[in-house]
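Working notes, structure below.
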Amino acid sequence: MTNTVAQVSSEFLELKDQLTTYLYRLSANHQDAEDIVQETYLKVIDKSSAFQGKSSYKTWVFAIATNLAKDHQRVKNRWSLDVQDQCKAAAQSNPSNVDRIVGAFSNQTEQKFELEEHINYCFTCVAKNLDIEQQIAIILKEFYQFSRKEIGQILDRTEGVIKHLLYEGRKELQTTYNQRCSLINKKGVCYQCAELNDYLQPEADAEIKISRMGMSPHQSDEQNLNRRFELINQLNPLNSPGAELEDTILQILREAIGEASKVA
């Protein structure tokens with residue numbers, strides 16, 4: 001059991017980076033992620049004497065953070081499947097949005113657009129169409145390597161329920177990618193990653209990059225989904241080379257969602 005604030009702070013600090021990226025994936029907003037991390041820290045300090053070791057310390061902290069996140073409006077809100085289309089429309093209709101995207105790209109140390117980073121952005125959009133517990137279960141398992149038992153402790157659900165959430169969530173993701181993504185299915189309606197790649201760089205090499213990514217129409221939907229997860233696991237959404245660009249696109253997307261909600 002941890003007895004002092006200094007000890008609690010030290011242990012929490014070891015988890016802070018993972019916790020922040022996790023909450024960023026759920027909220028799609030830097031400030032919201034930081035705010036929930038701070039709330040989590042205060043809860044951990046307040047409840048440190050109640051930690052009895054029935055789970056790992058990491059699982060216990062992620063459970064506190066997850067409960068706080070589930071109460072946050074930005075996290076609870078589900079996105080429609082066409083949010084990326086809304087983002088594209090917002091960029092095309094407003095020159096200042098194009099300037100923001102180009103400016104963020106220009107701020108990168110190296111002027112390269114990496115499709116892998118955009119796949120991570122894309123996953124955030126697609127996953128936010130899932131039921132919140134499906135979304136949380138998949139993110140915890142695929143990107144933070146929690147077991148079904150640990151995810152059950154975090155969500156206060158049985159392992160059987162977690163197994164079902166993972167199965168249904170993966171199935172829905174596969175269906176969505178098949179319907180929307182042009183990387184594999186050429187009938188997909190979304191070409192955003194290829195369009196941005198060829199717009200931002202002098203060399204239009206999206207097709208070459210796509211061919212090297214290891215996804216193929218000859219593979220099963222599950223194999224292609226696993227490959228997406230492998231690619232996403234290779235980067236940190238907060239400090240990868242293209243993090244500012246992808247966050248700028250998310251900001252424009254959130255603004256487009258806000259405008260659409262006003263009209264509705």
- Item | the stretch 206-222, residues that are without any contact (Cβ under 8 Å) to a residue 40 or more places away in the chain and surrounded by fewer than 17 Cβ atoms within 10 Å (Cβ to Cβ) | 207, 208, 211, 212, 214, 216, 217, 218, 219, 220
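Matching residues to (1) closer than 17 Å to residue 137 by Cβ; (2) in the same structural domain as residue 138 (by TED's automatic domain parsing); (3) at pLDDT 95 or above:
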| position | (1), (2), (3) |
| --- | --- |
| 3 | no, no, no |
| 15 | no, no, yes |
| 22 | yes, no, yes |
| 50 | no, no, no |
| 54 | no, no, no |
- Enumerate the pairs (first residue in the stretch 123-142 and outside any helix (DSSP H, G or I); second residue anywhere and at pLDDT 95 or above and buried (at least 21 other Cβ atoms within 10 Å of the Cβ)) with beta-carbon separation below 8 Å, excluding pairs fewer than 6 apart on the same chain, so at least 6 apart or on different chains. 128/135; 130/138; 130/169; 130/173; 131/165; 131/169
- Note on the structure: Scanning the stretch 120-150 for residues that are farther than 19 Å from residue 20 by Cα and surrounded by fewer than 21 Cβ atoms within 10 Å (Cβ to Cβ) gives 129, 131, 147, 148, 149
- For the stretch 88-112, which residues satisfy the criterion of being closer than 18 Å to residue 254 by Cβ and not small (Gly, Ala, Ser)? 88, 92, 94, 97, 98, 99, 100, 101
- Task: Sort out for me the helices (runs of 4 or more DSSP H) sitting completely within the stretch 1-119 that have 3 or more residues that are surrounded by 16 or more Cβ atoms within 10 Å (Cβ to Cβ).
- Result: 5-27, 30-47, 57-70, 83-93, 95-106
- Query: Since residue 167 meets every condition but one in (1) under 21 Å from the mean Cα position of the chain (by Cα); (2) surrounded by fewer than 18 Cβ atoms within 10 Å (Cβ to Cβ); (3) in a helix (DSSP H, G or I); (4) at pLDDT below 95, which condition does it not meet?
  - Reply: (4)
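The values are calculated or read from the model by the stated rules, or taken from the named source; none is laboratory data. The model shown is predicted, which means the values in this text are computed figures rather than measured ones. Note that we place each Cβ from the backbone using ideal geometry, even for glycine, and neighbour counts take in every protein chain shown.
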